[in-house]
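Enquirer: The structure that follows is given in the form of structure tokens.
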Amino acid sequence: MSKEVVISERGAEALERRHPWVFSGAVRGVRGNPGMGETVALLDAKGRWLGWGAYSPASQIRVRVWTFDPEERVDGLFFEQRIQAALSLRSGFYPNGSVTALRLVSGESDGLPGLIVDRYDKVAVCQFLSAGAHRWKAEIVSVLATLPGIESVYERSDAEVRKKEGLCLERGLLHGPEPEKRVEIREGRLRFWVDIREGHKTGFYLDQRENRSRVMAHASGMRVLNAFSYTGGFGIAALAGDAARVVNLDASRAVLDMAEDNLRLNGACADAMENVEGNAFQVLRAFRNEGRLFDVVVLDPPKFAESRAQLNRAARGYKDINILGMQLLAPGGLLFTYSCSGAMHTDLFQKIVADAALDAGREGRILRRMAAAPDHPVSLNFPEGEYLKGLMVQLV
Ligand code: SAH
């Protein structure tokens, strides 16, 4: 007997708009006792077929749609075709091989809900973040293993969101030789070390690639503060753009040590970079009290809001950090400020930055709006896929 999930009228409307999620509240009935990640037919109350999806009994997102085509079968070939499509859609992005690290598969926006695949040179690093993606792990890995240039497939499913799916956190080698302790990647003129086992997410913030170029383009001769620096991405970019001096600031010693190594990898002068370990809220306040000034300030904090419920508290954090960042900028200076909280929409973020300017007693003008690099696309049917937003603000 086929496994079926009957959904409400509102749930059906969302699917007709090709939104790939069915929330638990839209489920009217479940037939055939589907297991974790198993493929189910989605039906409306009249029995009309709407899609094939992956059942996730523990999650608020009860079904994620694999396909809206009744003829398509969800099997190994399906994953091969979807992954190939994701690759071919990216083939024109960095055509001359100048970039050796790229997001190959970006979940829902590539028609593969819950699956993230990042390539770091010869290593494909994946996250199976939904019950459906997890169930098809073996098939997905066998496709990744045959991609040209890929030698190893490594799993970094040690992301907290897995718990919402009733999955435990997992990490480890899935195919090929154990990757080096650090993998070297190239991003145009920049080189970085990536720690695939211990680094954040899959190892590196590939989504900020184009925004690093923006900072590089405006860094010449500037004193740059890179707050929440991680392994120094924006700071290294600024030095490649002839910044006079860069201060990286992060709470973690380990990532700052990696920033040092990244500096050497790029052949930059060691004196040009200072790495400060500490809580950004405290260190920025101390800098302000010392009267330190910068010409460029980058603020790229971790996700302050995991959900809408945390938005108020998060807003306070974003505002505080932006007030401090602005107070450290010389007249005419540039603030590159980001939020990677999906729950925080662009208009609210802009309002918070505007409020911060009022509190800081500064006037600011938006010169540019920023988002994630194009290998992190947002499907028009899935606006939730948009999470990273940034403003380049010039302070008068
Ligand atoms: N800008 C980075 C990514 C930043 S990720 C890049 O482009 O690569 C966020 C970073 O903020 C992490 O490295 C984390 O260690 C650091 N962090 C989190 N809370 C912090 C705090 N209160 N003070 C300073 N750093 C913090």
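Enquirer: Residue by residue through the stretch 293-312, note down the ones that are of a type in the set (Lys, Arg) and surrounded by 14 or more Cβ atoms within 10 Å (Cβ to Cβ).
Expert: Selection gives LYS303 alone.
Enquirer: Let me ask another. Suppose we keep only residues that are closer than 30 Å to TYR120 by Cβ and free of Cβ contacts under 8 Å to residues at least 12 places away in the same chain within the stretch 351-396. Which one would you say is farthest from the chain's Cα centre (by Cα)?
Expert: The first filter runs over the stretch 351-396 and keeps only residues closer than 30 Å to TYR120 by Cβ, leaving 368-392.
Okay, now just the ones that are also free of Cβ contacts under 8 Å to residues at least 12 places away in the same chain, so 380, 383.
Values: LEU380: 18, PRO383: 14 Å.
Applying the filter and picking the extreme gives LEU380.
For every residue, the table says whether it meets (1) in contact with an Asp or Glu (Cβ under 7 Å, 6 or more places away or on another chain); (2) β-branched (Val, Ile, Thr).
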position	(1), (2)
THR67	no, yes
GLU71	no, no
ILE83	no, yes
THR100	yes, yes
VAL105	no, yes
SER109	no, no
GLY114	no, no
VAL125	yes, yes
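Table: residues versus (1) of a type in the set (S, T, N, Q); (2) over 22 Å from the mean Cα position of the chain (by Cα); (3) open to solvent by less than 40 Å² (accessible area, probe 1.4 Å); (4) not assigned by TED's automatic domain parsing to the domain that holds CYS340.
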| position | (1), (2), (3), (4) |
| --- | --- |
| GLY199 | no, no, yes, yes |
| ARG214 | no, no, no, no |
| ASP261 | no, yes, yes, no |
| VAL276 | no, yes, yes, no |
| ARG285 | no, yes, no, no |
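Enquirer: Out of ASP271, ASP257, I need the residue that is surrounded by fewer than 16 Cβ atoms within 10 Å (Cβ to Cβ), within 15 Å of the ligand (Cβ to nearest atom) and either modelled with pLDDT of 95 or more or not in a loop (DSSP other than H, G, I, E, B) (or both). Which one? Before you say what the answer is, go through the steps one by one.
Expert: Details: ASP271 fails: within 15 Å of the ligand (Cβ to nearest atom).
None of the others qualify; the one that does is ASP257.
Enquirer: Looking at the stretch 206-227, can you tell me whether even one residue there is under 30 Å from GLY172 (Cα atoms), within 12 Å of the ligand (Cβ to nearest atom), without any contact (Cβ under 8 Å) to a residue 40 or more places away in the chain and in a loop (DSSP other than H, G, I, E, B)? Quick ask: steps written out before the conclusion?
Expert: Step one: filter the stretch 206-227 for residues under 30 Å from GLY172 (Cα atoms), giving 206-210, 212.
Next cut, within 12 Å of the ligand (Cβ to nearest atom) only: 206-210, 212.
From the residues that got through so far, the ones that are without any contact (Cβ under 8 Å) to a residue 40 or more places away in the chain too are 212.
So of that shortlist, the ones also in a loop (DSSP other than H, G, I, E, B) come out as none.
Scanning the stretch 206-227, I find no residue that is under 30 Å from GLY172 (Cα atoms), within 12 Å of the ligand (Cβ to nearest atom), without any contact (Cβ under 8 Å) to a residue 40 or more places away in the chain and in a loop (DSSP other than H, G, I, E, B), so the answer is no.
Enquirer: State which residue is nearest to the ligand (Cβ to nearest atom) when the search covers only the stretch 233-254 and only residues that are assigned to a strand (DSSP E or B) and not β-branched (Val, Ile, Thr). I'd like the intermediate steps shown before the answer.
Expert: Applying the first criterion (assigned to a strand (DSSP E or B)) to the stretch 233-254 yields 245-250.
If we keep only those that are not β-branched (Val, Ile, Thr) too, we end up with 245, 248-250.
Working: ARG245: 18, ASN248: 9, LEU249: 6, ASP250: 5 Å.
Applying the filter and picking the extreme gives ASP250.
Enquirer: Name the pairs: first residue in the stretch 90-102 and outside the structural domain of PRO374 (by TED's automatic domain parsing) and in contact (Cβ under 8 Å) with a residue 24 or more places away in the chain, second residue of a type in the set (Val, Ile, Thr) and open to solvent by less than 30 Å² (accessible area, probe 1.4 Å), Cβ to Cβ under 6 Å, at least 6 apart or on different chains?
Expert: That search, which allows pairs on different chains as well, returns THR100/ILE185; ALA101/ILE185.
Enquirer: Could you list, in sequence order, all residues of the stretch 302-337 that are at pLDDT below 95 and under 15 Å from ARG292 (Cα atoms)?
Expert: If the condition is that a residue be at pLDDT below 95 and under 15 Å from ARG292 (Cα atoms), then no residue fits.
Conditions tested, residue by residue: (1) in contact with a helix residue (DSSP H, G or I) (Cβ under 9 Å, 6 or more places away or on another chain); (2) outside the structural domain of SER379 (by TED's automatic domain parsing); (3) in contact (Cβ under 8 Å) with a residue 60 or more places away in the chain.
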residue	(1), (2), (3)
SER8	yes, yes, no
ALA12	yes, yes, no
GLU16	no, yes, no
PRO20	yes, yes, yes
SER24	no, yes, no
ARG28	yes, yes, no
PRO34	no, yes, no
GLY37	yes, yes, yes
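Enquirer: For LEU265, state whether it is open to solvent by less than 50 Å² (accessible area, probe 1.4 Å), at pLDDT 95 or above and either within 15 Å of the ligand (Cβ to nearest atom) or among the aromatic types (Phe, Trp, Tyr) (or both).
Expert: On the way: open to solvent by less than 50 Å² (accessible area, probe 1.4 Å): yes; at pLDDT 95 or above: yes; either within 15 Å of the ligand (Cβ to nearest atom) or among the aromatic types (Phe, Trp, Tyr) (or both): yes.
So LEU265 fits the description; yes.
Enquirer: How many residues are touching a helix residue (DSSP H, G or I) at 6+ places or on another chain (Cβ under 9 Å) and among the hydroxyl-bearing types (Ser, Thr, Tyr) when one looks only at the stretch 57-93?
Expert: The qualifying residues number 2.
Enquirer: Would you confirm whether or not the stretch 323-330 contains a residue that is part of a helix (DSSP H, G or I) and within 11 Å of the ligand (Cβ to nearest atom)? So that I can check it myself, show each step before the final result.
Expert: Initial filter on the stretch 323-330 (part of a helix (DSSP H, G or I)): 323-327.
Within this subset, residues satisfying the condition of being within 11 Å of the ligand (Cβ to nearest atom) are none.
No, the conditions are met nowhere in the stretch 323-330.
Enquirer: So TYR230 fits all but one of (1) within 9 Å of the ligand (Cβ to nearest atom); (2) farther than 23 Å from GLU274 by Cβ; (3) assigned to a loop (DSSP other than H, G, I, E, B); what number is the exception?
Expert: (2)
Enquirer: Examine the stretch 6-14 for a residue that is small (Gly, Ala, Ser) and under 30 Å from GLN208 (Cβ atoms), and state whether such a residue exists. Before the answer, list the steps.
Expert: Residues of the stretch 6-14 that are small (Gly, Ala, Ser), as a first pass: 8, 11-12, 14.
Next, only the ones that are under 30 Å from GLN208 (Cβ atoms) stay: none.
The answer is no; no qualifying residue exists.
Enquirer: Would you be able to tell me the number of residues in the stretch 222-237 that are in contact with a Ser or Thr (Cβ under 9 Å, 6 or more places away or on another chain) and open to solvent by less than 10 Å² (accessible area, probe 1.4 Å)? Spell out how you get there, then give the answer.
Expert: So the first thing to find is which residues in the stretch 222-237 are in contact with a Ser or Thr (Cβ under 9 Å, 6 or more places away or on another chain), and the list is 230, 235, 237.
Pick out the ones that are also open to solvent by less than 10 Å² (accessible area, probe 1.4 Å) and you get 235, 237.
So the answer is 2.
The values are calculated or read from the model by the stated rules, or taken from the named source; none is laboratory data. Because the structure is predicted, anything quoted here is derived from the model rather than measured. Methodologically, a virtual Cβ is constructed for each residue, glycine included, from the backbone with ideal geometry; neighbour enumeration extends over all protein chains shown. What goes into the accessible areas is simple: the full protein's heavy atoms, side chains included, and nothing from ligands, DNA or RNA. Shrake-Rupley method; radii C 1.70, N 1.55, O 1.52, S 1.80 Å.
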